[in-house]
1. Per Stokes-Einstein, at 25 °C and 0.890 mPa s, what whole-number D in µm² s⁻¹ belongs to the range 528-729, with the Kirkwood radius over Cα pairs as the hydrodynamic radius?
2. Starting at the first residue of the range 426-432, write each ³J(HN,Hα) from the Karplus equation 6.51 cos²θ - 1.76 cosθ + 1.60 with θ = phi - 60°, in whole Hz, x for Gly and Pro.
3. Residues of the range 636-666 with the amide nitrogen closer than 15 Å to a label point 7 Å from the Cα of HIS416, along Cα-to-Cβ, please.
4. What does the net charge come to around LEU476 if you take all other residues with beta carbon closer than 15 Å to its beta carbon, with K and R at +1 and D and E at -1?
5. Semi-axes of the equivalent ellipsoid of the range 128-285: what are they in whole Å, largest first, if each equals the square root of 5 times a C-alpha gyration tensor eigenvalue?
6. How are the C-alpha pair distances of the range 610-684 spread across 5 Å bins, as whole percents from the shortest bin up?
7. Using the C-alpha atoms of the range 563-626, what convex hull volume per residue, in cubic angstrom, is computed?
8. Expressed as a whole percent, how much of the Cα-Cα distance distribution for the range 525-575 exceeds 17 Å?
Amino acid sequence: MRIKIFAVALIISSGFSRAAERPNILFIFSDDHAEAAISAYGSHLAKTAPTPNLDRIAKEGAIFHNSFCANSICGPSRACILTGLHSHTNGFLDNNNSRFDGTQTTFPQIIRKTGYQTAIVGKWHLVSNPTGFDYWEILPGQGAYYNPDFIQMDNTRKRYEGYCTDIITDRALEWLKKQRDDSKPFLLMCQHKAPHRNWTPAPRHLTLFDDIQMPEPPGLFDDYGGNRSKTLKNHAMGIASHMYWGHDMKFPGQQSLFPEHFLSGIANRQYERMNERQKQQWDSAYTPKNNKLIADIKSGKLKGKDITKWKYQRYIKDYLRTIRAVDENVGRMLKYLDDTGLAKNTIVIYSSDQGFYLGEHGWYDKRWMFEESLAMPFLIRWPGTIPAGTESETLIQNIDYGPTFLDIAKADIPSHMHGRSLLPAFKQPSRPPKNWRSSIYYAYYGERTHQVARHDGVRTGRHKLMFFPDTGEWNLFDLHKDPHEMQSVHANPEYASTLAEMQGIYTTQRNHFGVSDATIPRAKMQQAWWKKRHQEKVKAANKGNCDLLLIGDSITHGWENSGKEVFEEYYAGRNTLNLGFSGDRTQHVLWRLLNGELPPQVKPKVAVIMIGTNNTGQAMQKADETAAGIKAIVELLRDRRPEMKILLLGIFPRGVQAHDPKRKLNEAINALVEKLADQQHIHYLDISKEFLSEDGALPKSIMPDALHPNAKGYRIWAGAVEEKITALGGW
Ligand code: SGN
Ligand code: CA
C-alpha cells in the first residue's frame with residue numbers, strides 16, 4: 001500500500017500533473033527545403049509555386065526571417081537540433097565519416113523523462129539508431145521516394161508501397177491515432193525525405209507546372225568573380241556542369257549524349273524502384289518532354305546557355321513538385337489536429353535541415369555559408385502564445401530548437417547546450433529579446449561530395465564574414481547592399497573597420513564555443529597502427545565493464561611498454577582500460593570517445609586523464625585552445641558518465657630546462673585546466689614536482705627524452721596518484 005501511494009505521489013510531482021498544461025509539439029521537418037520555395041517567404045517563386053498549407057502555419061502563427069543552420073548539411077544539422085550543440089561538440093561533423101553518438105544528452109531523452117511521449121517518423125540519417133524515443137520508424141540513410149523501406153525498432157525493415165511523403169505522413173498519423181497516450185503531452189517529429197535530391201515527384205504531380213516557365217533566380221550564371229574565395233569555382237554542384245542524365249534529369253537508362261552538358265553514370269534509381277503502374281505513369285509524363293529536348297538540341301534549336309536554362313526548369317519543377325506533396329501532407333496533418341481538437345494545445349513547427357540553392361550561384365545543393373543554404377525555414381503556430389501573422393527578424397539557429405522544446409516542456413536546459421530557448425523570441429516577437437545574440441556562428445567541415453572547401457564564419461543582421469582555412473581567405477559581404485553575395489568587400493578600404501569588427505566577432509564566437517583544432521574531433525585512420533589500436537580498444541571496451549579508465553597520449557600508452565611492470569602492480573587488478581594513444585592530441589581523444597571507445601556498458605568508477613602535450617609539441621597550439629580541448633573531453637565524460645569520478649592530471653613537464661618554451665606552454669595549460677576541478681566529480685592533480693630536480697631540471701634518469709617517463713618515472717607517477725585514485729574509486 002505504501003509503495004502504491006509513493007508511486008502516485010511521484011507521478012503527480014513529475015510529468016503527469018503537468019501534462020495538461022504542457023502543449024504537444026508537432027515538429028514537421030523536411031530535407032533541403034529552401035525558404036525561396038515556401039510562398040510565405042515571398043520569393044520569386046511564391047506566385048508560381050504556392051505552398052498554402054505551409055503558409056497557413058505562418059499566417060496563424062509566426063515566420064522567422066533570420067533563421068539559420070549551424071552546419072549546412074543533413075546529418076550535422078539534425079545532430080545540432082537533437083543536442084543543442086554546434087557540430088564540433090556533438091561530434092557529427094559531416095555526412096561522410098560521422099556516426100551520431102546517441103549516448104550523449106539529447107532533448108528527446110530529457111523531454112521524455114519529464115513525461116512527454118516521444119516519436120520520430122521518417123528521415124533520420126544519423127547512422128546510429130534513434131535514442132530517446134518511445135517510438136521510431138526511420139528511413140535507412142537517405143531513404144527512397146518510391147516504395148520506401150523503413151527501419152523498424154527491432155531493426156527489421158518494412159517496405160510500404162507508395163510515395164514517401166504520403167507514407168511518412170500516414171505513419172505519423174497512424175501513431176497519433178493508435179499509439180498516442182493521451183494522458184501525456186507528445187513530441188512527434190515527422191521528418192520528410194523531400195525535397196532532397198534526386199527530386200522525384202509523386203505520380204499525381206508528374207505534370208504539374210508543365211505549362212508554365214519558372215522564374216529564374218539571380219546569379220544563375222554566376223562567374224565566381226567579385227573578389228570571392230577562389231575555392232568557389234572548384235564546386236561540383238553546378239546546374240550547367242554537374243547534372244546527370246538519369247539521376248537528376250530523369251532520362252531513362254544510361255544516356256551518353258551531349259557530354260559537355262550532361263553527365264552519364266548515375267541512372268534514375270527511383271525509377272528502378274517503381275512498380276509497373278508507377279513506371280507507366282512516369283513514362284507517359286516524362287517521355288514526350290525528354291524526346292523534345294533531345295530533338296531540340298540535335299536540331300540546334302537549343303544550345304549553350306539555353307540548355308542550362310532548360311536544365312534549371314527541369315530541376316526546379318521537379319523540386320517544387322516534391323514540395324507540393326509536402327505541402328499537401330502538411331495540410332493533412334493540420335486537418336487531423338483540427339478534426340480532433342488537438343490543434344488548440346499543439347505547437348506546430350515547420351523547418352528543414354538546411355536551405356538549398358535553387359540555381360543561385362548556378363548551383364543546386366547546399367554547404368556554402370551563402371544565404372540560400374545557410375537559411376532554414378522556420379514557421380511556428382502556437383495558439384494562445386504567438387499572435388497570428390507575426391514576422392520575426394530575431395537571429396535564431398537550429399542549436400536553439402532543443403533548448404526551446406525543453407523550455408516548452410518546463411524542463412531544465414542543460415548548461416552545456418550552446419543554443420538558447422526561443423521562448424522569449426516567441427513571446428515578444430516584434431523585436432529581438434533582451435540580451436539576445438547579435439551574430440550567429442557557422443562551420444562547414446568539408447567533404448568530397450560536391451567539393452565545397454571547409455569554411456566557417458559569422459553573420460550579423462547586416463554582414464557576413466567567412467574564413468576558408470585551406471586558402472587562408474577571408475570573405476566579407478554587405479547583405480544590405482549585396483543581398484545575393486556577388487561581391488566580397490574584405491579588401492575594400494571602405495569596409496576596413498567592418499572587417500576588423502567582424503573578425504573580432506568571429507574570434508569571440510569561436511572562443512565562446514571553444515572552436516579550434518583542439519576541439520574539433522579528428523581521427524587518424526590514415527595511420528594503420530592507430531586504426532588497428534582504435535578497433536582493438538573498441539572491441540575491448542565492448543567486452544564488458546572496466547573500473548579504471550586511462551585516457552591520454554603516448555605517456556598513458558606507455559603503461560603498456562616502459563610502465564608495464566608498474567602497471568601490473570598497481571592497475572592490473574583494477575579492471576583497467578588503457579585508452580592512451582601515442583601522438584594523440586585532444587582532438588583525437590575526442591574523436592575516439594565519440595566513436596565507440598566508451599560504449600554504454602563501460603561505466604568506470606574513475607577516469608584518469610592526461611592529455612595536451614602533443615597540442616604543445618606538434619603545433620605549439622595556444623594554451624587556451626589546448627585547455628578548451630581538455631575541457632571538451634572532461635565535459636564529454638561528465639555528460640556520458642555523470643557518476644564517474646574524473647582525475648585530471650596536469651600535463652607532465654617536458655624539456656630539460658625549466659625555461660623550455662614547451663614546458664612553459666604546458667604550465668600555462670595546466671593553470672587553466674586546474675580550474676575545471678569541482679572537488680566533487682572532477683579532481684585535479686599536478687604531480688610535476690615529483691619528477692623535477694630542485695632547479696627545475698627534468699632528469700634523464702626519469703624521463704630520458706625529456707618527455708616520456710621510463711620505468712622509474714612510471715613508478716613515481718603511480719605512487720603519486722595512488723592515494724587519490726584509491727579514494728575516488730573506493731578501492
Ligand atoms: C547525397 C546527394 C548529394 C547531397 C548529399 C547530402 N547525392 O549524397 O547531392 O549533397 O546527399 O545531402 S545523391 O546522389 O544521393 O542524390 S543531405 O541532405 O543528406 O545533406
Ligand atoms: Ca539535407
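1. It diffuses with D of about 146 µm²/s by this estimate.
2. Residue by residue, the range 426-432 yields 7, 6, 9, x, 5, 9, x Hz.
3. 636-647
4. Details: positive: ARG228, ARG459, ARG462, LYS464, LYS481; negative: GLU371, ASP456, GLU473, ASP478, ASP482, GLU485, GLU494, GLU501.
Net charge around LEU476: -3.
5. Working through the eigenvalues yields semi-axes of 35, 22, 16 Å.
6. Taking every Cα pair in the range 610-684, the percentages come to 3, 17, 28, 22, 14, 9, 5, 1.
7. 111
8. Tail fraction, whole percent: 44.
Any read-out appearing in this document is the output of simple, stated calculations on the displayed coordinates, not a laboratory observation. Worth saying up front: this structure is predicted, and the values here are computed from it rather than measured. Positions of Cβ are generated from backbone atoms using ideal geometry, with glycine treated the same way; all protein chains shown enter the neighbour counts.
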